[in-house]
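Student: Below you'll find the structure I mean.
Every read-out reported here was derived from the displayed coordinates using simple, explicitly stated rules and does not represent laboratory data. Model, not experiment: these values are computed from the prediction. Virtual Cβ from ideal backbone geometry, glycine too; neighbours counted across all protein chains shown.
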Amino acid sequence: MSGIFACPVCGEGLSCEEKRWVCPRGHSFDRAAEGYVHLLTPAQMRSKTPGDPPEMVRARRDFLASGNYDFLADALTRLLMEHLPDPAVLFDAGCGEGHYTRRIVETLAAAGREVMPAGVDIAKTAVRMAAKKVPSGQFAVASLYHLPVADGSVDAVLNIFSPLCEGELSRILCPGGRMYYVVPAARHLFEMKEILYPEPYENGEKDVQYAGFRLVGTECVSRRMELSAQTLGNLFAMTPYFWRSPREGAEALQKKEALAVTAAFRICIYEKA
């Protein structure tokens, strides 16, 4: 089976065999039992376990399983329906544990659309989960700054709260392909930040032009969530605030038995120029 992945050593296309991915020059990469492949070269690894730590990945998995962010996946699905060709390759740049990919692909499939999902993440724990959640997809442990993906092989890219390397994403997109870049809106999780920080701040909102792309639209979506203590704890543990908040604020949040929190996102839609 051929795929979108390219050899991280020589750049040749990779073909998937039963237990490995191999390129025409003989470079071979083991295929894990869950179906993913490790394409992060030693030179790209800055630690033994790069990416989000396993406890953060598990917290995100458990929070997303609560359904509180499903409205974001549904908004992305609706936008993809309007422009995504059929059949199509949908690439999740920073796929995490695969929650958004699975929900989007399942909804598109139910509507009769043929989509081949793929994605990468630098955290092996997350990619293992994604491959198990979306067995029809192609997933790899890889760097977003050195994507082992063939030029022009992707119809649409999702980038949901992940680092943005516009040059690489433009390269892998086909002509006219689109990138759906999700960032926090001004008052995203503001009620939680009011507890964590003495002087909570709003997120900045601005339309950014990226080389290789043109901005074609921005959509804002939000939802007020009623969170139990356990779900609130998972939300906190999956955000950067877990590492950056003052100790007093974190302790105050842990004492909350429930909290109403607003989730608010901006979906920035870019088309390859």
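Student: Is the shape of segment 132-199 rounded, prolate or oblate, going by the alpha carbon gyration tensor and its root eigenvalues a ≥ b ≥ c, with a/c under 1.5 for rounded and a/b larger than b/c for prolate?
Tutor: Values: a/c = 2.65, a/b = 2.04, b/c = 1.30.
Prolate is the answer for segment 132-199, as a/c is 1.5 or above and a/b outweighs b/c.
Student: Can you tell me the FRET efficiency between residue 206 and residue 18 if r is taken as the Cβ-Cβ distance and R0 is 51 Å, rounded to the nearest 0.05? If you can, show how the numbers build up before the last one.
Tutor: On the way: r = 48 Å, r/R0 = 0.95.
According to the calculation, E is roughly 0.60.
Student: Additional query: Per residue, how big is the convex hull of segment 190-273 when only Cα atoms are used? Give it in Å³. Intermediate results must be reported in sequence, preceding the final value.
Tutor: Details: hull volume 9.2 nm³, N = 84.
Once divided by residue count, the hull of segment 190-273 is 109 Å³.
Student: Quick one: helix 124-133 against the long Cα principal axis of the chain, what's the angle to the nearest 10°, folded into 0 to 90?
Tutor: It works out to around 80 degrees.
Student: Sticking with this one: State the answer as a single residue: which of 51, 96, 210 lies farthest towards the positive end of the charge dipole of segment 41-272, with beta carbon charges of +1 for Lys and Arg and -1 for Asp and Glu, about the Cα centre.
Tutor: The Cα lying farthest towards the positive end belongs to 51.
Student: Restricting to the chain, compute how many DSSP beta bridges are antiparallel as a %, nearest 5.
Tutor: 60
Student: Take every Cα pair under 8 Å in segment 72-164 that's 6+ residues apart, average their separations, divide by the length, and report that relative contact order as a whole percent. The partial results should precede the final answer.
Tutor: Values: 157 pairs, mean separation 33.0, N = 93.
Value for segment 72-164: 35 percent.
Student: Please order 70, 155 by the number of other Cβ within 10 Å, starting at the fewest. If you can, show how the numbers build up before the last one.
Tutor: Values: 70 14, 155 22.
Ranking 70, 155 by Cβ neighbours within 10 Å, fewest first, gives 70, 155.
Student: With θ taken as phi - 60° and the coefficients 6.51, -1.76 and 1.60, list the Karplus ³J(HN,Hα) couplings across segment 256-273 in order, rounded to whole Hz; mark glycine and proline as x.
Tutor: Going residue by residue, I get 6, 7, 6, 7, 8, 10, 8, 9, 9, 10, 10, 9, 9, 9, 10, 10, 4, 6 Hz, with x marking Gly and Pro.
Student: To continue, here is another question. Compute the distance in nm between two label points, each set 7 Å from the Cα along the Cα-to-Cβ direction, one at residue 216 and one at residue 250.
Tutor: So the two model labels end up 4.3 nm from each other.
Student: Of the candidates 160, 172, 195, which one comes out as most mobile in a Gaussian network treatment of the chain with C-alpha springs shorter than 10 Å?
Tutor: 195
Student: Order the peptides 221-227, 197-203 from the highest to the lowest mean number of other Cβ atoms within 10 Å of their residues. Each step should come with its number before you reach the end.
Tutor: Values: 221-227: 15.1, 197-203: 11.4.
The densest-packed peptide leads the list: 221-227, 197-203.
Student: Subtracting the Cα-Cα distance from 0.36 nm times the residue separation, let me have the gained length for residue 164 to residue 273 in nm, one decimal.
Tutor: Details: separation 109, 0.36 × 109 = 39.24 nm, distance 1.68 nm.
Computed gain between residue 164 and residue 273 is 37.6 nm.
Student: Based on DSSP H runs of at least 4 residues, each adding -39500 (n - 2.57), what is the mean residue ellipticity at 222 nm of the chain after dividing by all its residues, to the nearest 500 deg cm²/dmol?
Tutor: One gets -8500 deg cm²/dmol as the mean residue ellipticity at 222 nm.
Student: With charges only on Cβ, +1 for K and R and -1 for D and E, what is the dipole size of the chain about its Cα centre, in debye, rounded to 20?
Tutor: Details: 31 positive and 33 negative charges, 95 e Å.
Magnitude of the dipole: close to 460 debye.
Student: Using a Cα-Cα cut-off of under 16 Å, which lysines could be cross-linked to residue 133, ignoring same-chain neighbours fewer than 8 residues away?
Tutor: Residue 133 reaches 124.
Student: Treat every Asp and Glu Cβ in segment 40-122 as -1 and every Lys and Arg Cβ as +1, leave all other atoms uncharged, and give the resulting dipole magnitude about the Cα centre to the nearest 20 debye. Write out the running numbers ahead of the final one.
Tutor: Details: 9 positive and 12 negative charges, 56 e Å.
Charge dipole, segment 40-122, about its Cα centre: 260 debye, nearest 20.
Student: So, one more: Could you point to the label whose value was computed as mean projected area of the Cα convex hull in nm² for the structure here, given [x] 14.5; [y] 17.7; [z] 13.2?
Tutor: Read-out taken from this structure: [x].
Student: Using a simple charge model, +1 on the beta-carbon of Lys and Arg, -1 on the beta-carbon of Asp and Glu, nothing else, what dipole does segment 124-240 show about its Cα centre, in debye to the nearest 20? Intermediate results must be reported in sequence, preceding the final value.
Tutor: Details: 12 positive and 12 negative charges, 97 e Å.
In total the dipole reaches around 460 debye.
Student: Just want to confirm a number: the relative contact order over the chain, from Cα pairs under 8 angstrom separated by 6+ residues, in percent.
Tutor: On the way: 540 pairs, mean separation 50.3, N = 273.
Reported relative contact order: 18 percent.
Student: Calculate the FRET efficiency for residue 110 and residue 65 from the Cβ-Cβ distance with a Förster distance of 25 Å, rounded to the nearest 0.05.
Tutor: Numbers: r = 20 Å, r/R0 = 0.79.
It comes out at approximately 0.80.
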